[in-house]
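> Got a structure here, written out as structure tokens. Questions coming.
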Amino acid sequence: MQALGPWLPDDPALPPVALAVSGGGDSLCLAWLARHWRKNLLAFVVDHGLRAESAQEARLTVQRLADMGVPARLLTLTTLTKGPGVAERARQARYAVLAQACREAGCLDLLLGHQADDQAETLQMRHQAGSGPEGLAGMAWMSALPDVRVVRPLLDVSRQALRNTLRGAGLAWVDDPSNQDMQAGRVRVRHSLREQDEREALWRAGLQAGAARMRRDDSRTMSFARQGTFRPEGWVCLGPVLPEPEDLSVLIRCVGGQIYPPAPAAVRRLQAAGQEATLAGVQLVRWRSGWVLVREAAAMDAYGPAYAGARWDGRFELFLPSSVSRESLQVGPAGFGLDRTVRGGWPARFCATLPALWRHGQRVGIPHLGWWAEEALQGAGFLFQPPVPATGGGVYGWPEARGAWFAAHHI
């Protein structure tokens with residue numbers, strides 16, 4: 001854990017380290033191990049509500065955590081429904097509610113229970129999907145998200161080792177029947193990877209790909225610093241020559257406010273064509289003597305309530321003076337119809353994608369343009385903060401120096 005730091009001191013006067021605990025063997029063992037590492041912890045148990053038994057299982061998990069001395073809060077999802085893409089929708093909803101809970105509790109770090117077999121399965125799924133080098137690095141040991149740093153300390157420990165650890169401690173866990181549903185892609189991959197040697201080979205390949213990804217990240221950072229300009233408006237000016245497809249992909253992810261990059265083949269076609277186009281909610285625009293990546297207006301979020309800390313379109317965080325009246329105040333796209341003098345020389349289609357403050361259906365402030373219809377709003381502002389940085393957003397391949405997949409398959 002020390003190598004995965006830095007960590008705040010284990011002091012009850014400081015924010016706790018958060019844990020996401022489903023009640024399954026992996027996350028419950030994570031909690032048990034973390035309790036032996038430090039005292040100042042806070043677990044979050046998410047009830048997804050997709051099964052009739054989930055509420056009871058979540059309450060049972062909260063009690064089990066309390067019994068081992070880990071305080072826990074129950075988070076209930078009410079909007080999920082069964083149907084196509086439920087696994088991905090549930091994952092996104094779970095991350096969103098966990099990030100919000102960490103923000104409210106002041107937690108800077110969130111521990112997740114993904115383990116070595118999960119990593120091997122993820123890599124196999126990405127191989128099958130034809131993922132590029134970025135995807136084949138697997139899950140990161142550490143990821144810097146806007147609200148919290150996500151840490152996966154168990155990525156070199158097998159599923160069997162974790163369950164054996166719980167058995168040795170006399171602890172029970174919840175087995176989710178969806179983990180046996182052969183309609184789910186991950187479950188099918190799990191059943192196909194029967195041989196431990198095959199899993200370990202995948203895991204080791206992920207370490208190598210992860211180390212290579214971090215070297216590319218370092219190189220990419222220098223390249224972006226020399227050739228690109230990241231604008232606070234959420235635009236990226238690329239210069240006269242388009243970046244290579246891999247670099248262009250992460251920039252599109254950044255401007256679009258997405259967690260995952262677009263399909264590699266689509267990015268390659270976009271880069272090779274060298275024409276204005278739209279991909280993954282981002283416009284590639286020719287402007288003056290170079291290229292610019294701008295959010296696609298039609299893909300942006302609609303209007304939402306305006307309050308300090310509000311996130312809009314997954315990319316902007318609102319700073320709002322406490323003296324401002326929030327009555328009927330909303331965040332939404334600036335839209336078209338702005339006078340040329342207001343736009344400060346920027347094209348109308350760029351400015352249409354800016355976050356703006358609205359009241360009673362009227363624009364009352366566009367902080368990035370320094371335009372205000374209400375004087376009291378002049379202290380307001382938006383920080384461009386996409387969910388994943390363009391570079392340096394994760395630590396991959398970290399245990400390479402430690403030597404190996406833990407041979408704790410039967411311990």
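> Considering only residues that are buried (at least 17 other Cβ atoms within 10 Å of the Cβ) and modelled with pLDDT of 85 or more, which ones fall in the range 177-204?
ARG199, GLU200, LEU202, TRP203
> Here's something else I'd like to know. What's the number of the only condition in (1) surrounded by 14 or more Cβ atoms within 10 Å (Cβ to Cβ); (2) among the charged types (D, E, K, R); (3) not assigned by TED's automatic domain parsing to the domain that holds ARG149 that ASP10 fails to meet?
Tallying (1) surrounded by 14 or more Cβ atoms within 10 Å (Cβ to Cβ); (2) among the charged types (D, E, K, R); (3) not assigned by TED's automatic domain parsing to the domain that holds ARG149, ASP10 fails exactly one: (1).
> If you check LEU74 against the conditions, is it within 16 Å of VAL21 (Cα to Cα), in contact (Cβ under 8 Å) with a residue 12 or more places away in the chain and assigned to a strand (DSSP E or B)?
Values: within 16 Å of VAL21 (Cα to Cα): yes; in contact (Cβ under 8 Å) with a residue 12 or more places away in the chain: yes; assigned to a strand (DSSP E or B): yes.
Judged against the criteria, LEU74 is a match.
> How many residues are acidic (Asp, Glu) and either surrounded by 20 or more Cβ atoms within 10 Å (Cβ to Cβ) or in a helix (DSSP H, G or I) (or both) if we restrict to the range 370-387?
1
> Kindly indicate whether LEU65 is assigned to a strand (DSSP E or B) and either in contact with a strand residue (DSSP E or B) (Cβ under 8 Å, 6 or more places away or on another chain) or buried (at least 17 other Cβ atoms within 10 Å of the Cβ) (or both).
no
> Restricting to the range 36-62, what's the tally of residues that are out of contact with any helix residue (DSSP H, G or I) (no Cβ under 9 Å at 6 or more places or on another chain) and part of a helix (DSSP H, G or I)?
Looking only at that region, the number is 10.
> Considering every residue within the range 282-289, establish whether at least one is outside the structural domain of GLY365 (by TED's automatic domain parsing) and either part of a helix (DSSP H, G or I) or closer than 30 Å to MET139 by Cβ (or both).
Yes: the range 282-289 contains one or more residues that are outside the structural domain of GLY365 (by TED's automatic domain parsing) and either part of a helix (DSSP H, G or I) or closer than 30 Å to MET139 by Cβ (or both).
> Taking the conditions exactly as written (buried (at least 17 other Cβ atoms within 10 Å of the Cβ), aliphatic (A, V, I, L, M) and over 30 Å from GLU134 (Cα atoms)), does LEU354 satisfy them or not?
no
> Select, from LEU162, LEU136, LEU123, the only residue that is buried (at least 16 other Cβ atoms within 10 Å of the Cβ), at pLDDT 80 or above and more than 22 Å from LEU30 (Cβ to Cβ).
Details: LEU162 fails: more than 22 Å from LEU30 (Cβ to Cβ); LEU123 fails: more than 22 Å from LEU30 (Cβ to Cβ).
After applying the criteria, what remains is LEU136.
> So how many residues does the range 134-175 have that are among the hydroxyl-bearing types (Ser, Thr, Tyr) and either touching a Phe, Trp or Tyr at 6+ places or on another chain (Cβ under 8 Å) or free of Cβ contacts under 8 Å to residues at least 12 places away in the same chain (or both)?
Of the residues in that region, 2 qualify.
> Test PRO240 against the stated conditions and say whether it is within 23 Å of the chain's Cα centre (by Cα), surrounded by fewer than 22 Cβ atoms within 10 Å (Cβ to Cβ) and modelled with pLDDT under 95. So that I can check it myself, show each step before the final result.
Numbers: within 23 Å of the chain's Cα centre (by Cα): no; surrounded by fewer than 22 Cβ atoms within 10 Å (Cβ to Cβ): yes; modelled with pLDDT under 95: yes.
So PRO240 does not fit the description; no.
> For the range 318-350, which residues satisfy the criterion of being within 14 Å of TRP371 (Cα to Cα) and in contact with a strand residue (DSSP E or B) (Cβ under 6 Å, 6 or more places away or on another chain)?
The answer is ALA334, VAL342.
> For the range 92-133, which positions are hydrophobic (A, V, I, L, M, F, W, C) and free of Cβ contacts under 8 Å to residues at least 24 places away in the same chain?
If the condition is that a residue be hydrophobic (A, V, I, L, M, F, W, C) and free of Cβ contacts under 8 Å to residues at least 24 places away in the same chain, then ALA96, ALA129 are the ones that fit.
This table checks each residue for (1) touching a residue at least 40 places away in the same chain (Cβ under 8 Å); (2) outside any loop (DSSP other than H, G, I, E, B); (3) over 22 Å from TRP287 (Cβ atoms).
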{"site": "SER322", "(1), (2), (3)": "no, no, yes"}
{"site": "GLY332", "(1), (2), (3)": "no, yes, yes"}
{"site": "THR341", "(1), (2), (3)": "no, yes, no"}
{"site": "ALA356", "(1), (2), (3)": "no, yes, no"}
{"site": "GLY365", "(1), (2), (3)": "no, yes, yes"}
{"site": "HIS368", "(1), (2), (3)": "yes, yes, no"}
{"site": "PRO389", "(1), (2), (3)": "yes, no, yes"}
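> So which of ALA308, ALA272, ALA225 is surrounded by fewer than 19 Cβ atoms within 10 Å (Cβ to Cβ), under 23 Å from the mean Cα position of the chain (by Cα) and not in a strand (DSSP E or B)?
ALA308
The values are calculated or read from the model by the stated rules, or taken from the named source; none is laboratory data. Computed from a predicted structure; not experimentally measured. Here Cβ is always computed from backbone atoms with ideal geometry, including for glycine, and neighbour counts include all displayed protein chains.
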